[in-house]
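Trainee: Following this message is one structure expressed as structure tokens.
The values are calculated or read from the model by the stated rules, or taken from the named source; none is laboratory data. Fair warning: this is a prediction, and the values are worked out from it, not measured in the lab. Please note: Cβ atoms are built from the backbone with ideal geometry, for glycine as well, and neighbour counts cover all protein chains shown.
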Amino acid sequence: MRHQRSLAFVALAAGAMLLPEIVRAAGDMAEAAANLPPAPQPSRADYPQIGGLSARTVAWGLAQMHLFLAAFVLAVPLFAIATEFMGQVTGDRRFDDMAHEFMKITMAAYSLTALVGGSLALALFLFYPQLMGYLLQVFRGQVLIYAALFLLESVTLYIYYYSWDALRYGNRKWVHMSIGLGLNTVGLTLMFVANAWATFMMSPAGVDFTTGAVTGSVWEATRNPLWNPLNLHRFLANIAYGGAIVGGYAAYMFLAEKDPVKKAHYDWMGYTSNFIAILGFLPLPFAGYWLMAEIYAYSQQMGITAMGGILAWLFIIQAVLIGTIMLAANYYLWSGLMRTERGAAYGKYVKYIMVVILGGFLVWVTPHSLILTPQEIQYLGGTQHKLLGPLGIMPAKNTAVNLMLVFTFLSFQMFYRSSRKPTNKFADIGNGLIIALYVIGIINIVGAGIYGYITPTVYKVGASVPQVISTLTIIVGAVIIDLFRLRGAEPEKVHWGRMTERSQYALFVLPVAFTWLMGLMGYIRSSLRTNWHVYTIMKDNSPEAYIPTIGQAGNTITVITLVFMAIMVFVFWLSRLGTTRQKDPSVRETIG
Amino acid sequence: MTFLRVMVFSVLTLLAFTGFANLLPQVQSDAPSDEEAPTGAMDMPAFIAYGESLFSGAGTCTLCHNDLGRAPDLLQMDLRADFEERLADPKYGGPKDIESYIRESLVMPSAYVVPGFGKKGSNDTESPMPAANKPPIDLNDVQMDAIIAFLEDLAGYEPTVALPSGEETAPPPEPPAATADQGAPAATTAEEAIDKYFCAACHDLLGSEADLGPDLRGIGARLGEGGIMVAILDPNAEITEGYEPDIMPQDFAQQMSASELKLITDYLMNLPE
């Protein structure tokens, strides 16, 4: 104890001796900042008006379109290389072919991504020259690095795609996968660089907070407080999104094809893509939670604008969209049970899973406070319904989302099991263990949810941690146990292609809902800055520096999504056209 | 054919989403007024109109003060009755005139929290509203006067604030403080004041991550405004466990101007847990 006190004293004494130095250094920095050029503060007249165009709508539309395309183009190579690796390890050629086909769709979208990205940069320099000038001042040479990375991305992408057949077997396959690894490394770095600019505008760093003068290095501005949370969120979301788009492609091809063999191929591709989309989607709420927690930590006002002000209602729309995605993905999985003979045995559980998914969706969509007339408030005795009001707060939402994720995983597990008949002795014990895992995990999720109601706010947040851990434990634990209990299992015949058309439309809901959801979240993230270009540093004095109504935003997002979906469906159509060969008329004549 | 079927399906799905978005309550904040502050003399009606534009624009007041229940809906409620009830309430210990009460609400939102509108878990002792004179809202004195004039007018009172003469665009000069650092101008924001007195060199403030002094997160709830002022002006009065006395300068009472002390205190009051 005495020793500790002596140490503390020495530390304090050293600190006290260092204090004048620290003070001088801080003084020098403040003085240096005062001599540097401040961030521009444009007035209304400084924003160019070009042909009556709405600058914000143009920038919004192009930025969102670029993001949709870029997310897809960056995500597909990630799971293409994983699928290619799977093909190499299992020796199943189908994986390799599918990975190649994934890349084929990416190639069609790549040039569009670059085109829209270039248009976006042009629009931003035209409509917001002061902001772009300031960002260039902050990020300096990084812009050139971005350009170099883009060039490298193009080179590696083209080599990766076009060398597929040339580097197909043996050691050459590993060379091919190394190129794919390089492509993904460059792609992710590109995304991280772009994320730095977007998050700098929300949580600036490396600048003087009074004047906006650039005082720090490019790296300081890059690793601003929201950079890593957004990096993780976008990384996971891109995988989910890429999976959903490719699933949409598979659904489109399934609907268009008449050949049963091709139908079977696209059914399998759709199943795999749905799996990838849900795999990326499962941890997304937790990454989103981290991002929002960091937003609150950086600026309480920004957090309140998101969750407590007018944007709060957008999270109800978010709930509707995620509920739609969950229901569609599960419906698709339940439909898939008809592919195997043993699948029907699991059909009886579907209605219970549906009750949980639907119930979770309804809890998530329940608002905390209601918009009511004075008479209604009088009748209810407040703005919250006595029974439903408690469902509007975070403990209920966290419980709902965790249960939805657990039961979506159960839908996957049912199909996986329906295609294998266990033969080893561990099967029954393993089954018992999995049931115990589900029961204990669900009790823990619900229990932590109830605890969240009776504990102060500060512990409410903490209560969500055991819920997440329970969900992940169920998923990981059940996968591991199933691997052991299905070792040496008799494979059941899976009738790929034995799916209804309805199920394919359910699969197609995923890209539509994901795209709209991304648009919505982009609108929220951007609106959090309210009337600041760079939060608390550079004001946005443009005539459109206001938060539009949810309806206006929804309409804009719908138009952008519609254009994007039209482009994607056109790409799908082109892709099918590319594989369609006209019959040789002379051959027909000969036969005739 | 498949192309058309899929497109029609996409359109219908999107219409469902956008239809739902249009069914929800619609609130829009206005674009902020172009002017930072009036550049010339104004009459009272113009000043009130300016305050109204700030209320829904640069002040971002309508983001929360609307009919969504986040904060009292000032535009719809009976403001006059509410003001008078508040000032007559013996539990309310703040200023007793409307102008000062509104000003206090703008710059020290936690001084009095309307029941039911406090931060969750704070038992209505802490307001979620940021101080209007600090970033990100960052209104200057004239702009706050304009909002006060607007709210006084809205409540049916004759506005009591002084009209701008056109010379207030710069902050009013601070009275010279009797300090050892005579040359330095008085800080006008909490961040400037914290920089000026090097608080962040020892305390983890403004992202400094310094740990020579105690962690100040949540100090507002622990000490209150008066307690914080005492801790700044007489730091040896109470020493946090684990820290030694005499490390923090003892002469802030002579160095700081009253406004700087207030800026730092307000900032610390709003530091989250």
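Trainee: From A:F508, A:F514, grab the single residue that is at pLDDT 90 or above and within 8 Å of another protein chain (Cβ to nearest Cβ).
Mentor: On the way: A:F514 fails: within 8 Å of another protein chain (Cβ to nearest Cβ).
When all the criteria are applied, what remains is A:F508.
Trainee: What's the number of the condition B:S105 fails, among (1) of a type in the set (S, T, Y); (2) away from chain A (no Cβ under 11 Å); (3) farther than 25 Å from B:T265 by Cα?
Mentor: That leaves (3) as the condition not met.
Trainee: Follow-up. Return yes or no: is B:D138 part of a loop (DSSP other than H, G, I, E, B) and within 24 Å of A:G392 (Cβ to Cβ)? Let's see the steps before the verdict.
Mentor: Working: part of a loop (DSSP other than H, G, I, E, B): yes; within 24 Å of A:G392 (Cβ to Cβ): no.
No, not satisfied.
Trainee: Tell me, yes or no, whether the range A:427-449 has at least one residue that is surrounded by fewer than 21 Cβ atoms within 10 Å (Cβ to Cβ), part of a helix (DSSP H, G or I), under 24 Å from the mean Cα position of the chain (by Cα) and touching a residue at least 24 places away in the same chain (Cβ under 8 Å).
Mentor: Looking for residues that are surrounded by fewer than 21 Cβ atoms within 10 Å (Cβ to Cβ), part of a helix (DSSP H, G or I), under 24 Å from the mean Cα position of the chain (by Cα) and touching a residue at least 24 places away in the same chain (Cβ under 8 Å), one finds none in the range A:427-449, hence no.
Trainee: While we're looking at this one, here's another question. So which residues in the range A:412-429 are of a type in the set (S, T, Y) and in contact with a Gly (Cβ under 9 Å, 6 or more places away or on another chain)? Spell out how you get there, then give the answer.
Mentor: We begin by selecting, within the range A:412-429, every residue of a type in the set (S, T, Y); these are A:416, A:418-419, A:423.
Matches in the range A:412-429: A:S418, A:S419, A:T423.
Trainee: Further, regarding this structure: Taking only pairs six or more apart or across chains, which ones have beta-carbon atoms under 6 Å, a first residue in the range B:103-131 that is closer than 13 Å to B:A71 by Cβ, and a second residue that is among the polar types (S, T, N, Q) and not in a loop (DSSP other than H, G, I, E, B)?
Mentor: Final answer for the pair search is B:S127/B:S110; B:P130/A:Q301.
Trainee: OK, next. Can you find a residue in the range B:198-210 that is more than 9 Å from chain A (Cβ to nearest Cβ), within 27 Å of B:T125 (Cβ to Cβ), at pLDDT 75 or above and surrounded by fewer than 19 Cβ atoms within 10 Å (Cβ to Cβ)?
Mentor: yes
Trainee: Among residues belonging to the range A:101-117 that are under 17 Å from A:V155 (Cβ atoms) and of a type in the set (V, I, T), point out the one that is modelled with the highest pLDDT.
Mentor: Only one residue tops the list, namely A:T113.
Trainee: Scan B:G213, B:G207 and give me the residue that is more than 16 Å from B:D266 (Cα to Cα), small (G, A, S), in a loop (DSSP other than H, G, I, E, B) and in contact (Cβ under 8 Å) with a residue 24 or more places away in the chain.
Mentor: Numbers: B:G207 fails: in contact (Cβ under 8 Å) with a residue 24 or more places away in the chain.
Result of the check over B:G213, B:G207: B:G213.
Trainee: So, of the residues in the range A:51-100 that are within 14 Å of A:Y160 (Cβ to Cβ) and charged (D, E, K, R), which turns out to be surrounded by the most Cβ atoms within 10 Å (Cβ to Cβ)?
Mentor: Top of the filtered list is A:E84.
Trainee: Separate question: For the range A:301-318, check the following and say yes or no: at least one residue is within 22 Å of A:Y241 (Cβ to Cβ), among the aliphatic types (A, V, I, L, M), surrounded by fewer than 23 Cβ atoms within 10 Å (Cβ to Cβ) and modelled with pLDDT of 85 or more.
Mentor: no
Trainee: From (1) within 29 Å of A:P40 (Cα to Cα); (2) within 19 Å of the chain's Cα centre (by Cα); (3) more than 14 Å from chain B (Cβ to nearest Cβ), pick out the condition that doesn't hold for A:F275.
Mentor: Condition not satisfied by A:F275: (1).
Trainee: Let me ask you something else. Is one or more of the residues making up the range A:143-153 among the β-branched types (V, I, T), in a helix (DSSP H, G or I) and in contact with a His (Cβ under 8 Å, 6 or more places away or on another chain)?
Mentor: Residues of the range A:143-153 among the β-branched types (V, I, T): A:143, A:145.
Narrowing further to those that are in a helix (DSSP H, G or I): A:143, A:145.
Checking the rest, the ones that are also in contact with a His (Cβ under 8 Å, 6 or more places away or on another chain) come to none.
No, because not a single residue in the range A:143-153 is among the β-branched types (V, I, T), in a helix (DSSP H, G or I) and in contact with a His (Cβ under 8 Å, 6 or more places away or on another chain).
Trainee: Please list, ordered by first then second residue, the pairs with beta carbon atoms under 9 Å, 6 or more apart or interchain, first in the range B:19-38 and facing another protein chain (nearest Cβ under 7 Å), second surrounded by fewer than 20 Cβ atoms within 10 Å (Cβ to Cβ) and at pLDDT below 70.
Mentor: Pairs found: B:L24/A:I371; B:P25/A:I371.
Trainee: Looking at the structure I just gave you, is A:M499 touching a helix residue (DSSP H, G or I) at 6+ places or on another chain (Cβ under 9 Å), more than 8 Å from chain B (Cβ to nearest Cβ) and not in a helix (DSSP H, G or I)?
Mentor: Working: touching a helix residue (DSSP H, G or I) at 6+ places or on another chain (Cβ under 9 Å): yes; more than 8 Å from chain B (Cβ to nearest Cβ): yes; not in a helix (DSSP H, G or I): yes.
Yes, satisfied.
Trainee: Residue by residue through the range B:61-90, note down the ones that are away from chain A (no Cβ under 14 Å) and not hydrophobic (A, V, I, L, M, F, W, C).
Mentor: If the condition is that a residue be away from chain A (no Cβ under 14 Å) and not hydrophobic (A, V, I, L, M, F, W, C), then B:R80, B:D82, B:E84, B:E85, B:R86, B:D89, B:P90 are the ones that fit.
Trainee: Restricting the search to the range A:560-575, which residues are crowded, with 16+ Cβ neighbours inside 10 Å and more than 7 Å from chain B (Cβ to nearest Cβ)?
Mentor: A:I560, A:F564, A:I567, A:M568, A:V571, A:F572, A:S575
Trainee: If you don't mind, there's one more thing I want to ask. List the number of the failed condition for A:K258; all other conditions in (1) surrounded by 18 or more Cβ atoms within 10 Å (Cβ to Cβ); (2) free of Cβ contacts under 8 Å to residues at least 40 places away in the same chain hold.
Mentor: So the condition that A:K258 fails would be (1).
Trainee: Please note which helices (runs of 4 or more DSSP H) are completely contained in the range A:173-287 and include at least 2 residues that are within 21 Å of A:Y161 (Cα to Cα). So that I can check it myself, show each step before the final result.
Mentor: On the way: elements: A:218-222, A:227-256, A:260-281.
The helices (runs of 4 or more DSSP H) meeting that bar are A:227-256, A:260-281.
Trainee: Please work out if B:A231 is more than 12 Å from every other protein chain (Cβ to nearest Cβ) and part of a loop (DSSP other than H, G, I, E, B). I'd like the intermediate steps shown before the answer.
Mentor: Values: more than 12 Å from every other protein chain (Cβ to nearest Cβ): yes; part of a loop (DSSP other than H, G, I, E, B): no.
Against the criterion (more than 12 Å from every other protein chain (Cβ to nearest Cβ) and part of a loop (DSSP other than H, G, I, E, B)), B:A231 does not qualify.
Trainee: Go through A:G51, A:G61 for me and flag whichever is more than 14 Å from chain B (Cβ to nearest Cβ) and either at pLDDT below 85 or not in a helix (DSSP H, G or I) (or both). Steps first, answer last, please.
Mentor: On the way: A:G61 fails: either at pLDDT below 85 or not in a helix (DSSP H, G or I) (or both).
On inspection, the qualifying residue turns out to be A:G51.
Trainee: Same structure again: Mind checking which residues of the range B:67-101 are touching a Phe, Trp or Tyr at 6+ places or on another chain (Cβ under 8 Å) and not in a loop (DSSP other than H, G, I, E, B)?
Mentor: Matches in the range B:67-101: B:R80, B:F83, B:R86, B:L87, B:I98, B:Y101.
Trainee: If you take the residues in the range A:527-552 that are free of Cβ contacts under 8 Å to residues at least 60 places away in the same chain and assigned to a helix (DSSP H, G or I), which one is farthest from the other protein chains (Cβ to nearest Cβ)?
Mentor: Ranking the candidates gives A:Q552 first.
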